[in-house]
Structures are given as structure tokens and as C-alpha cells.
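Visitor: Before I ask anything, let me first share the structure, which is written out below as C-alpha cells.
Read-outs: derived from the displayed coordinates by stated rules, not from any lab. Please read these numbers as outputs of a predicted model, since none were measured by experiment. Neighbour counts are summed over all protein chains in view; Cβ atoms, including those assigned to glycine, are modelled from backbone coordinates with ideal geometry.
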């Protein structure tokens, strides 16, 4: 009987300890989750800002004058070539280019 | 001597203790049981009865705003997005010196209404007063640095338009709560849905993909800017339409509006000229008259009409400004832009067939796009001889340019109805398309428009772009002014299409009150201004739209080009 009492006492103390540690662990995890969520929210917001900035910087109204100041212009019809020519240029194949030039 | 210890007498409670013990025990047990029972009952009670959500006990009103999906163009480039921005509010109960608060705030926000803020701050029973919503981070920092008690910030969502005023008329606007009030933004509220939020929570919805192409839109707006300067015009508008799918690739109206500054939307001069205004478009309307004549079997392209005599309708006499002085074929009526010829075609068709044809093309009924209702057409009150003649060359009937463009598109695309859309085309959504004119009519009109550009005397010859087979029709309409036509103020327009061997894109350029210049020999007709603007626009956008130049079409064939374009090779 005495043994049982002692065991019950220790069990009660142990379970109380367990309960409190669980409680604190849960709170710690909750705080952690909240911190993570805040970080995710912040990251999302930062991504939105960066995307907006990228679009703002690449807006045609800005790129157009920059490109023209570099001597670039919209392509003319005679600057567009058939896909096989493009492929040959892509492969830097002078033989194929010459053959196409001859065929035209 | 050993003292034997007598066994200890048991300690016995005295009498009064002995008598009391049972009562004490009983009372303690009963008390403990009662306590446990109370706790148990309360636990049961809490567990079983549903509790209402915790209510906010603070006096601050919860500000609701809306989180919106992004808007992107057809290629995924961002046109509108939500960003977090600080909003400034005051708590009058904590504000110590309201005059100091107002004065110091005015140094950072000079356009603040001081009287309003002062009266709001003097009401100490209020705990929440918006001072300014949607501040930039830099301004928020400067206000923060003032160190005024009673002021605080709250993060809210604000709509940002990274491309600035680009396509401002199409995008529309949102109000201070981030709710759409015009254009595509309103469509998003009505048809796609926005999420009501109490904090700066970004939307998780998929972005809304428009039919617009940012690159083409910019090229169009840029060329219209140049045109307004070059021809000293009061305004300009332009439209690029994919006539096969009905997608609006670009839609511009100058002067622009900035979607981020919604207040400018209501100004009449800034109204959208493409969908928000109706105009007597003039000779571009002959495209429809000739199409009707061919489709109704009234004439063939080679049928000859004697256009030398002016047409008389009541007290009006209709004649050509530059009469050819000889009978003209239907094709020549088109390329010479003969008012008399167009009038004769309409008279032959008669009022019923003319009305039925225009109705079939959707020009007599109101039209809608995702950005809202298009200005309804203004039709003649009667359809008698005079009206019939004037309508045949685009007077006495006023329609929105978008509606006219849709009608022309359905004539050029092989004869199938076109419903303009601002959303990217999804295959299969064009199921409502129905045949309006025959393939032969469509092909005949396409070749007439092409001829009008390549012919030496064609009115549209300045619209030619080497390699891209442009076709089109000019229109120079006098603008009505107090019920009379003002000869010095014209609406000059050019409806074009390319590539004409298989029309895919329609362009419609309108210049409002262009002036004659040295470049145009003092002329203000569409052939000297709207046509060359069209050429400049097409030369910039044809490559972007993947239209193959003539040299490549000749080499690998049209079918192969089309296939490659559709595969985006």
C-alpha cells in the first residue's frame, strides 16, 4: 500500500513535470511558428515589391530611350530571316549560311 | 532497580475531540466533493455549450480593405500588383497637443486639410482617425521621425502600376479601400472576386492575364505621342486587334490617364476615345458599305457606276471633292474614296438591307467588353434617302472606334463575327462566332484594302511598310460643332490590317483635329497623317507579333509561317 502511494506520488510529480514541459514546448513552438509566418509574410511582401520594381525598371517607356541611345532600333523586315538561316547563324555554321545565300 | 516501563497509555483524544471528529471528517469530505462537483460541472458546461468568438473590445473600427490578384499582360509582364504601404492614423485620446501635431504634420504632408484634422483630433471620445492612407515608406519615416504621440501606422495594401500610365484606360482604377472602380479593375471585383482583408494580406489568387501586349502597347502609345506633336493634334487614339481571336493587343487613348491617380479619370478630355466615345468616323465606313454591296450581290468589284453626277437628297447635294471625272468600278470607288459611289451602293441596297447588314455586324446595338460598356452607337432617327447616303460614307451615324473595329475585323477575318476581348484568348471560348459575310466578300475587301495602299493613286499609300503587306482605308471626317460641321476641325483616321494575304491584325489610328504642316503640304487628310502613323506603328509591332515578312513567306510558305508563329518558334 505504501509502495503504491509512493509510486502514485512520483507519478503525479512526473506527470506534472511532463505537463508543464509540454506546455512550455507548445508555447515555444507557437512562437516559432508565428515568427516563421511573419518571416514568410515579410518575404512575400518583399517579393511583391521586387517584382513591382523589376517591372518598373523594365517598363518599355524606360527601356526604349536607353535602347535607342545604344543605337538599337525596331527590327526591319529585311532583318528578319527564315528559321533555317537563324538556325545556321545560331550554330555559327558559315557553310550553311553560304549555301543559303547561294540558294536565294 | 530496573524500572519497568509500563506500556505507554495510548494517547486518547479527550472527550470533546472524540465527539467532534465524525462531523469534521464529514464536513471536509462534503466540501471537497462539492468543490470537485462544481469544477466538473463548469468543465462540462464549458465543453458542451458553444461559445461565441471572442469579440474585439477595443473601440478602434476594423478597417477593411481588399486584396486583389495581379494583372499581367499576355506574356506575363506585370501591369498591376498589390504592395504593402503604411497608412497613418491618430488616436485623439492620446494626442497631447493637437495644434503641434497638425502643424508638424503639415511640414511633411503640405496638402493635408488642417481644419478637418484639428476638429477630428479635438473629439477625445474617438480612438481612431485616419490621417492619410497609402504613404510611401520615405514619407512614413519622416512622420515617424517627428516623434508625435498619438500617431501610429498601420500596414495596408495599395495598388501599384509598375508600368506607369501604360494602358491606363484599360486598367481602370481602384479606390482608397483597394476596390475596383473602373476598367479591368472593376471587372476583377465583379467577375473574379477580391478578398476582404483586415490587414496587409497579399492575394493568393492567380493573376489576371490580359490580351494586351506591353511591348505593342508601348509602341502604339509612343507613335501616337509623336503623331500628336508632329501634327499638332488635340488628341489621338489607337487600337490593335487580333481579328482571328478578337483579342485587343493594344488600346491607347491620348491624353493618357494614370491608373494610380484615379481622380483624373473623370476629366472629359481624358476619356477613353476607343470605347468611351462615339464619333462619325467618315470614309473608313465605306469598307462596310462596299462589303455590303458585294455580300448582298448588289455589285461585283468590277461593276461600273457612273459617279459623275452629284447625289441629291432633299436640300443636300453630295459630291466628291476630287471627282475622277469618269465612271468608276466598285474597287475604284473604294480606292478613290468616292462619296457618290458609296451613296449609290447604299441606295441600291435600300434602307432595310443596309440596316440589316449593319445590325448583323453589331453596329446598331450596344456592346460590352470586360472593361465595361462601350458607348452606345448614335443612329439616325430615320433611314431615308439622305440618311442612307450619309451613313454610306460614315456620317450621320456615330459609333465607338472599338465597335467599328470589331465590325471591320469580322469582314476581314474570313467573314466570322468578332467579339473584342481584353482577356487572353483561351482556345474554344470563341464558340459564339457565326458567319457574317462570305469568304469571297472577305477576300475581295482584303485585296481592295491592299490595293488602296500599293496603288499609286490609293489614299493609303503612305501606310505601306516594306515586307508586311499592309492594307487599309482612310477616313477624314469633319467634326460636328454646335450642330454644324466644322471644316477646320477633322477626325482623321486609318483602319488598316496586315499581313493582307492572310489578315491577322487590324490597326485603327485616329487623330483628333490634326493641323496641316510642312510635312503634309498643309493638308490635314488621313492619307497625310493617320496613314503614315499606321506605317510607323506596324513597322514597330509586326516583328513583335511574329508576322513573317514577305521574303520568308515566299521561302517557306504561308502555312509553315503560321504554324511557327502559333508555336511561338
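Visitor: If you average the sequence gap of Cα pairs under 8 Å that are 6 or more apart and divide by the length of region B:107-184, what percent do you get for the contact order?
Guide: Numbers: 33 pairs, mean separation 15.3, N = 78.
So the answer I get is 20 percent.
Visitor: Length gain on complete extension for the stretch residue B:42 to residue B:146, per 0.36 nm per residue less the alpha carbon to alpha carbon distance?
Guide: 32.2 nm
Visitor: Go ahead and run the numbers for FRET between residue A:11 and residue B:32, Cβ-Cβ distance against an R0 of 25 Å, rounding to 0.05.
Guide: After rounding to 0.05, the efficiency reads 0.75.
Visitor: Further, regarding this structure: Starting from the Cα gyration tensor of the protein assembly as shown, take the square roots of the eigenvalues, sort them a ≥ b ≥ c, and report rounded, prolate or oblate (rounded when a/c is under 1.5, otherwise prolate if a/b is larger than b/c, else oblate).
Guide: Judged from the Cα gyration tensor, the protein assembly as shown comes out prolate (a/c at least 1.5, a/b above b/c).
Visitor: Sticking with the crude label model, points 7 Å out along Cα→Cβ, report the distance from residue A:47 to residue B:312 in nm, one decimal please.
Guide: In this crude label model, residue A:47 to residue B:312 measures out at 7.7 nm.
Visitor: Then there is this: With a point put 7 Å past each Cα toward its Cβ, work out how far residue B:324 is from residue B:122 in nm, to one decimal.
Guide: The modelled label-to-label distance comes out at 8.1 nm.
Visitor: Could you give the angle, 0 to 90 degrees to the nearest 10, between helix B:401-412's Cα long axis and the longest principal axis of the Cα atoms of chain B?
Guide: Around 60 degrees separate the two axes.
Visitor: What's the angle, to the nearest 10 degrees (0 to 90), between helix B:439-454's Cα axis and the longest principal axis of chain B?
Guide: Compared with the principal axis, the helix lies near 70 degrees.
Visitor: Still on this structure: If I fit a long axis through the Cα atoms of helix A:2-57 and take the longest principal axis of the Cα atoms of chain A, what angle between them do I get, 0 to 90°, rounded to 10?
Guide: 20
Visitor: Under a plain spin-label model, where a point goes 7 Å from the Cα along Cα-to-Cβ, how far apart in nm are residue B:521 and residue A:23?
Guide: Result for the modelled spin labels: 9.7 nm.
Visitor: Right, another one. Which whole-number value in Å³ per residue fits the convex hull of the alpha carbons of region A:2-73? Mind dumping the intermediate values first?
Guide: Working: hull volume 5.9 nm³, N = 72.
Enclosed volume per residue, from the Cα hull, is 82 Å³.
Visitor: How many percent of all Cα-Cα pairs in region B:297-437 sit more than 24 Å apart? Each step should come with its number before you reach the end.
Guide: Working: 3796 of 9870 pairs.
It works out to 38 percent of all Cα pairs.
Visitor: Additional query: Where both residues lie in chain B, what percent of DSSP beta bridges are antiparallel, nearest 5?
Guide: Of those bridges, close to 95 percent are antiparallel.
Visitor: Starting from the Cα-Cα distance between residue B:20 and residue B:365, subtract it from 0.36 nm times their residue separation and give me the gain in nm to one decimal.
Guide: 113.9 nm
Visitor: How large is the helix-only mean residue ellipticity at 222 nm for the protein assembly as shown, computed as the sum of -39500 (n - 2.57) over DSSP H runs with n ≥ 4, divided by its residue count, in deg cm²/dmol to the nearest 500?
Guide: Taken over the protein assembly as shown, the calculation gives -13000 deg cm²/dmol.
Visitor: Run through the DSSP bridge list for the protein assembly as shown and note the antiparallel percent, rounded to the nearest 5.
Guide: Counting only bridges with both partners in the protein assembly as shown, antiparallel ones make up about 95 percent.
Visitor: Beyond 19 Å, how much of the Cα-Cα pair distribution for region B:430-569 remains, as a whole percent? Show your work: numbers first, answer last.
Guide: Working: 5583 of 9730 pairs.
It works out to 57 percent of all Cα pairs.
Visitor: How many times 2.2 N^0.38 Å is the alpha carbon radius of gyration of chain B?
Guide: Dividing the Cα radius of gyration by 2.2 N^0.38 Å gives 1.53.
Visitor: Counting pairs of alpha carbon atoms under 8 Å apart in space and at least six apart in sequence, what relative contact order in percent does region B:463-557 give?
Guide: 30
Visitor: Also: Evaluate the relative contact order of chain B (contact order divided by residue number), counting alpha-carbon pairs under 8 angstrom at least 6 apart; express in whole percent.
Guide: Value for chain B: 13 percent.
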